[in-house]
1. Give the residues of the range B:116-137 whose amide nitrogen is closer than 19 Å to a point set 7 Å from the Cα of B:ALA61 in the direction of its Cβ.
2. What percent of all Cα-Cα pairs in the range B:391-461 falls into each 5 Å bin, going from 0 up to the bin containing the maximum distance?
3. What do you get for Rg/Rh over chain B if you use C-alpha atoms and the Kirkwood form of Rh?
4. I want to verify the translational diffusion coefficient of the range A:9-125 in µm²/s; compute it with Stokes-Einstein, Rh as the Kirkwood radius over Cα pairs, at 4 °C and 1.567 mPa s.
5. Determine, for each peptide in B:165-178, A:66-79, the mean count of other beta carbons within 10 angstrom over its residues, then list the peptides with the highest first.
6. Using θ = phi - 60° and the Karplus relation 6.51 cos²θ - 1.76 cosθ + 1.60, list the HN-Hα couplings for the range B:436-444 in order, rounded to whole Hz, with x at every Gly or Pro.
7. Which lysines, on any chain, are close to B:LYS422 with Cα under 19 Å apart, when same-chain ones fewer than 8 places away are left out?
8. Against the longest alpha carbon principal axis of chain B, how many degrees, from 0 to 90 and to the nearest 10, is the axis of helix B:476-494 turned?
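None of the figures in this text is laboratory data; all of them are computed from the coordinates on show. Just so you know, these numbers come straight off a predicted model, no measurement behind them. Every residue, glycine among them, receives a Cβ derived from its backbone with ideal geometry; neighbour counts consider all protein chains shown.
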Amino acid sequence: MNPYLPIVLLLAVAGLVCTAMVTLSWVLGPKKVTPYKQAPYECGVAPIGNARERFPVKFYLVAMMFILFDVEVVFLWSWMAVFKDWVEAGSPAAAYSFWGVMVYMALWFLGDAYVIRSGALEWEESKTLAPEKLGPVRPSDTEEIALEPDLARGA
Amino acid sequence: MGSSGLHPAAIDWMALGPLIGVCLTGVVAMVLEMWRPRMNNNGIVGVCIVGLLVSGFLVIANWNRPGGESFGADYSEANGAVGNLGLFINDRLGQVIQLLIVGITLVTVLFSEGYLREKRLPFGEYYPLVLWSAAGGMVMATTRDLLIFFLGLETLSIALYVLAGLSSKERRSQEAALKYFLLGAFASSFLLYGIALIYGATGTTHLSGIAAIANTQPESIATFSVLYAGIGLVLVGFAFKVALVPFHMWTPDVYQGAPTSVVGFMAAGVKVAAFAAMLRFIDVIVFTSSVWITVLAALAAVTMTIGNLIALAQKDAKRILAYSSIAHAGYILVAVVAYGASKSGPYEPLGQSTVAYYLAMYGFMTLGAFAVLSLTGRDGKEGSTLEDYYGLYRSAPFPAAMFIVFMASLAGIPLTGGFLGKFLIFRDALSVDMLWLALLLGVNSVISVAYYLRIVQAVCTEEPGVVRSRFAPVNAGLFTACAVCAFLLIAGFVAADPLFDWMGLSAPGASVVAGLPGR
């Protein structure tokens, strides 16, 4: 078998699936045309208008979290690809790398717990600090106070 | 990879101890923050202090253990380099710098909480970020592999980008974070491109690769041009990080805008880590060409002069200290240049002790100065113009007094470590026949006195009639931070000989402070 055959097959399947998805949704989907839906990017930012637009910062937060998950999977995938061989060969690297990955995953889960705990995935306003934490409250920020008597004498 | 796979090397856990200690303390601090403490962050601060003390103790426990590199890959076969190479190096320079970074972080943590409360920013996340940033700096100082160095640098920087923008409601802080992030990313790309070119020329990312090429002197011009381009780009990356002059533009804005406690850590910790790594880099590049010494000497001259001259025109205390930190980067670079020149030229070899000593003194005097400056943060506001410090000596006599010590040390006035540090740099520059650079350093020190005195004057000026309650009350943490910094500066001067003996970074046989008048 030609070693490149799987790649050709992959390309064919990918092309088929893409074509099928686009065609079927075009054929079967209901068509209610609105100007907004006709815009080039249906579910993104309006393509025409002022580019200096306010954009919820939460989008970036979600994007960042997505990258974390993504990188985690990339690490695990490459590790998994060699781990099986090591186990079969009885290599000392198997246990070594297993615990290494466990430490990595523990830290990763901790970070994940932090993300959930700090409410980064909730789409409403971010949580604020408890007022007790903010230090002493003084009468007024800009109020000028008179010098104490001994200071006034020194001045 | 075959079925044999990777052979796990024996891990020297002891040598990694300080690094793991700092990282783990950060993790514990983050877990504590997940409890969302409602009243204050004292528990987190306590954990950080204990963790940092333990890490510092672990560094000292490593002090006399056999050094060397570990976590080795198959470097040696690629380029014929000899010796035990690896990703992590356990040597005295690394230990001294690690201890220094732990100390700087400890002092930062001590005075941060009071300031953050006054600024209305008592986020518990501050502490893990500072600790992980410090861990990045420790990695930078304990590796001779450029990629691991880069990893450490990014860990250090990314945490600092967040910290610079901690005061997210202030425009200046936003500006500082964005500017630092963009220019930092720019610098990182320079560095990474340089590392890639060095890899192209030598076939390894380990610094030994450069040394191997310099030793064998291959005929290929192409190899050398690629190597030189790589070294040049890496030096540009370094120059951005330590703020040498053509690459210093971000420094004043970032120092002015970022929260003061973060700036203190940034000014002290980042420079210490980056200069330590630079020292390791200089160690090998001097053997490729003498041009690097000339280039770096010129950079040092420009950095000192421009930094000091622009500082004279500033009206904002944090900006003055930012330019002062640029000037100090120039001074330290003189020491680095002298060290490099002495290795490659026909001179007595100089040790790394001058650089390490100056970094230590510089770190604590800058950090102490920023700790005192943080006292203007009050009720969610903070001013940093010179006028904002009028009357500080009335409301906070002890920090103001210590501030004078820090300024005296920064200006290089005797009885402080700053003086001895500058003296040693001066002597090192003379010993490699760089009279012009030494003289320039002297002239610049004199210029710098002018602007340090202006801040001292502001702190000691009294406003007639009324004094606004602009200053935060001095808490125990700030008090201790000031006392520790001032003590170290004076002890560094008085007990210089035992200190140098203990650091053990001097060239063998060299008398460290010989010829110093009155000693």
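1. B:135
2. Calculated over all Cα pairs of the range B:391-461, the distribution is 4, 17, 21, 19, 14, 9, 7, 4, 3, 1 percent.
3. 0.96
4. 67 µm²/s
5. Details: B:165-178: 18.4, A:66-79: 11.8.
Highest mean packing first, the order is B:165-178, A:66-79.
6. 4, 5, 5, 5, 4, 4, x, 4, 5
7. Once the sequence-local lysines are set aside, what remains near B:LYS422 is B:LYS271.
8. 50 degrees
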